[in-house]
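Engineer: The structure's right below; bear with me while I get my questions together.
The values are calculated or read from the model by the stated rules, or taken from the named source; none is laboratory data. Everything quoted here is computed from the prediction, not taken from an experiment. Every residue, glycine among them, receives a Cβ derived from its backbone with ideal geometry; neighbour counts consider all protein chains shown. These area figures cover heavy atoms from the full protein model, side chains too; ligands, DNA and RNA do not enter into them. Shrake-Rupley method; radii C 1.70, N 1.55, O 1.52, S 1.80 Å.
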Amino acid sequence: MDEIIRLEHISKRFTGVTALSDVSIAFSKGEVHALVGENGAGKSTLIKILLGAHQPTEGKIYFEGKETVIENPEMGSLLGIEGVHQELMLVPYLSVSGNIFLNREKKKKKLFDIKGMNERSRELLGAFSISIDVTKPVKNYSASIWKMIDIARVINQDPKLIIFDEPTAILSEREVECLFENIRRLKEKGIAIVYISHRLNEIGQIADKVTVLRDGHLIGTRDAEGLGNDELVKMMVGRDVSKYYCRTRVERGRELIKLDGLSLKKGQKDISLSVHEGEIVGLAGLVGSGRSEVAEAILGINPVLSGSIEYKGKEFHPKSPSDGIKKGIYLVPENRKYQGLILRFSVANNIALSVFGRWSRFFYKEKEESLVASREIKKLSIKTPSEKQAVRNLSGGNQQKVVIGKALETNAELLIFDEPSVGVDVGAKEEIHNHMDSFVASGGGILMISSDLPEVVGMCDRVYVMYEGRIVKELSVCDVSDSNIAEYMLGSKKGEDA
């Protein structure tokens, strides 16, 4: 295949940190090339160099056979290099078509061709089986629709190379299938695809080649065909991970929380579930089925219209998250960057934030903060040059560990994990699961919301399945399987069928 871009002997050093060391890699036209590795392996640095956001410390870049310096993202875009980023990169109050054509507006007689832009936007989204009002602001739509709009925006720019960074993290199964169909069409048109994902099962479905990075070094490039997950994981983490999910099953204790027949302000109805000491209880369902809204009810964010909540046998009427925290309930949120962290604050600041009032009412105590932070950094193996490092500079997996460390410091008895492993590599995922297991083995309880069915099956003692705002089935550990959960969450099986 014809190479579109080649990186030769690329190294990138920041102050005190070598992010990439002597990496050589090529991406070709009409090929899906997966880039995998643990958080902190150097993937983000590599794609920022491709896009022009970073300049390599050493090495050369050849674009279409000519040595090139990609000075900035604008130059990268002019060359035809575009990225679909993990974060949602849209303007909330701008229309759908306005976002798709931002800075590339169509004109007709020196005026914006609004009709033409709307028609083209409908056409692009129609390829993803999405029919929405493209004249409305994107803030009116769900996160998964945002992602598709962002992909349509990139495709609209007629790129030569597209970088997809964790594109399926917030998509349903059907949306993922639709995305893959579109990637295959792009491939047929000769567009080069760089595909980054921690979901290893996707690599075999969509990739032609796979390149593995570890600790900033190139481990190898292989044909995707015939490359099994076990071998791929071993290349990524440098060890054999034969069992992804390891649970210590213990006898469950007293009931921590009980929801009985809740109807909620955001539309969820007849919600009944319980979590006991010593168990991880799953809450499964498609994106938009109402899972996170149930967690919000426990935290007082989604008001209860009818029904009851009991915590440790007593009625509980939460009005705000602080009510839950006082009782011993803490949420590890889905969106760690916007709900779980203050990105400009240090690792120590973030970890100690949840317990600041425990040891200081009026005065900042740096020594106490440092003790709290060092304890969790050690316990959770958080990779950071220093506890004073700004948390925004950590990898996604290590940011997630900071959020978990903040939760563990509260001494909560009930933890709610909303998508605990989104955007987290296989090694960090294993560590997070081990800490979840230790937490329940020591008497805590966990309610886990996850779109990753293998994670639900591997980690949960019981699973409640949601469909269109209702819990339609409770599955015991012996009934929990990918296919069983999927049938209920897709609505093809009703609760009374079991």
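Engineer: Net charge within 12 Å of VAL84 by Cβ-Cβ distance, Lys/Arg positive one each and Asp/Glu negative one each, not counting VAL84 itself? List each step's numbers first, then the result.
Structural biologist: Working: positive: LYS147, ARG153; negative: GLU82, GLU87, ASP150, ASP165, GLU166.
Result for the neighbourhood of VAL84: -3.
Engineer: Follow-up question, since we're still on this one. Classify the range 131-187 from the C-alpha gyration tensor, please: rounded if a/c falls under 1.5, else prolate or oblate depending on whether a/b exceeds b/c.
Structural biologist: Taking the square roots of the gyration eigenvalues as a ≥ b ≥ c, the range 131-187 is oblate.
Engineer: If I model a spin label as a point 7 Å beyond the Cα along the Cα-Cβ vector, how far apart are those points for ASN393 and GLN339 in nm?
Structural biologist: Result: 2.8 nm between the two label points.
Engineer: Considering only GLY220, SER481, GLY307, whose Cα is most displaced toward the positive end of the charge dipole of the chain, charges sitting on Cβ of Lys, Arg (+1) and Asp, Glu (-1)?
Structural biologist: GLY307
Engineer: How much FRET efficiency would the formula 1/(1 + (r/R0)^6) give for LYS110 and LYS136, where r is the Cβ-Cβ distance and R0 is 25 Å, rounded to 0.05?
Structural biologist: Details: r = 26 Å, r/R0 = 1.06.
FRET efficiency, LYS110 to LYS136: 0.40.
Engineer: Still on this model: Among the aspartates and glutamates, select those whose C-alpha is under 20 Å from the C-alpha of LYS312, and discard any that sit fewer than 8 residues away in the same chain.
Structural biologist: Output for LYS312: GLU251, GLU255, ASP260, GLU277, GLU279, GLU296, ASP323, GLU413, ASP461.
Engineer: Additional query: With a/c under 1.5 counting as rounded, go ahead and sort the range 169-275 into rounded, prolate or oblate using the C-alpha gyration tensor (a ≥ b ≥ c being the square roots of the eigenvalues; past the cut-off, prolate if a/b is larger than b/c, else oblate).
Structural biologist: Numbers: a/c = 3.65, a/b = 1.56, b/c = 2.34.
Because a/c hits 1.5 or more and a/b fails to exceed b/c, the range 169-275 counts as oblate.
Engineer: Can you figure out the FRET efficiency of ASP479 with LYS319, using R₀ = 35 Å and their beta-carbon distance, to the nearest 0.05?
Structural biologist: Details: r = 36 Å, r/R0 = 1.04.
Working from the Cβ atoms, E equals 0.45.
Engineer: Right, another one. Please go through the residue pairs LYS337/LYS473; LYS43/LYS383; LYS269/LYS406; LYS327/LYS379; LYS265/LYS319; LYS258/LYS337 and name each one whose alpha carbons sit more than 21 Å apart in this structure.
Structural biologist: Values: LYS337/LYS473 32 Å; LYS43/LYS383 16 Å; LYS269/LYS406 32 Å; LYS327/LYS379 24 Å; LYS265/LYS319 13 Å; LYS258/LYS337 30 Å.
Cα-Cα > 21 Å for LYS337/LYS473; LYS269/LYS406; LYS327/LYS379; LYS258/LYS337; rest within.
Engineer: With +1 on each Lys and Arg Cβ and -1 on each Asp and Glu Cβ, and nothing else charged, work out how big the dipole of the chain is about its Cα centre, in Debye to the nearest 20. Don't skip to the end; give the middle numbers.
Structural biologist: Numbers: 69 positive and 70 negative charges, 339 e Å.
Dipole size: approximately 1620 debye.
Engineer: Turning to a different aspect of this structure: Out of the total accessible area of the range 368-413 (probe 1.4 Å, heavy atoms of protein only), what percent is carbon and sulfur?
Structural biologist: Details: 880 of 1900 Å².
Taking all protein chains in place, the range 368-413 shows 46 percent carbon and sulfur surface.
Engineer: Please state the charge dipole magnitude for the range 1-104, taken about the Cα centre, from unit charges on C-beta atoms (+1 on K and R, -1 on D and E), reported in debye and rounded to the nearest 20. Walk me through the numbers before you get to the answer.
Structural biologist: Working: 9 positive and 13 negative charges, 36 e Å.
Here the range 1-104 has a charge dipole of around 180 debye.
Engineer: What accessible area per residue comes out for the chain, rounded to a whole number of Å², with a 1.4 Å probe?
Structural biologist: Numbers: 22850 Å² over 498 residues.
Ligands and nucleic acids excluded, the figure is 46 Å² per residue.
Engineer: In the range 90-173, which trypsin sites (Lys or Arg not before Pro) are in a loop and have at most 13 other Cβ atoms within 10 Å, using DSSP for the loop call? Don't skip to the answer; put the middle values down first.
Structural biologist: Numbers: sites: ARG104, LYS106, LYS107, LYS108, LYS109, LYS110, LYS115, ARG120, ARG122, LYS139, LYS147, ARG153, LYS160; in loops: ARG104, LYS106, LYS109, LYS110, LYS160.
Passing both the DSSP loop test and the Cβ count: ARG104, LYS109, LYS110.
Engineer: Suppose every Lys and Arg Cβ carries +1 and every Asp and Glu Cβ carries -1, with no other charges. What dipole size does the range 22-170 come out with about its Cα centre, to the nearest 20 debye? Numbers along the way, then the final one.
Structural biologist: Details: 19 positive and 19 negative charges, 183 e Å.
Dipole magnitude for the range 22-170 comes out near 880 debye.
Engineer: Enter the angle in degrees (range 0 to 90, nearest 10) between the Cα long axis of helix 396-408 and the first principal axis of the Cα atoms of the chain, meaning the one along which they spread out most.
Structural biologist: Around 10 degrees separate the two axes.
Engineer: Taking loop as defined by DSSP and a crowding limit of 12 other beta carbons within 10 Å, which GluC sites (Glu not before Pro) in the range 1-109 fit?
Structural biologist: Working: sites: GLU3, GLU8, GLU31, GLU38, GLU58, GLU64, GLU67, GLU71, GLU74, GLU82, GLU87, GLU105; in loops: GLU31, GLU38, GLU64, GLU71, GLU87, GLU105.
Those that pass, being in a loop and sparsely packed, are GLU71, GLU87.
Engineer: So which GluC sites (Glu not before Pro) in the range 401-498 end up in coil per DSSP with only 15 or fewer other C-beta atoms within 10 Å?
Structural biologist: On the way: sites: GLU409, GLU413, GLU430, GLU431, GLU455, GLU468, GLU474, GLU487, GLU496; in loops: GLU409, GLU413, GLU468.
Answer by residue number: GLU468.
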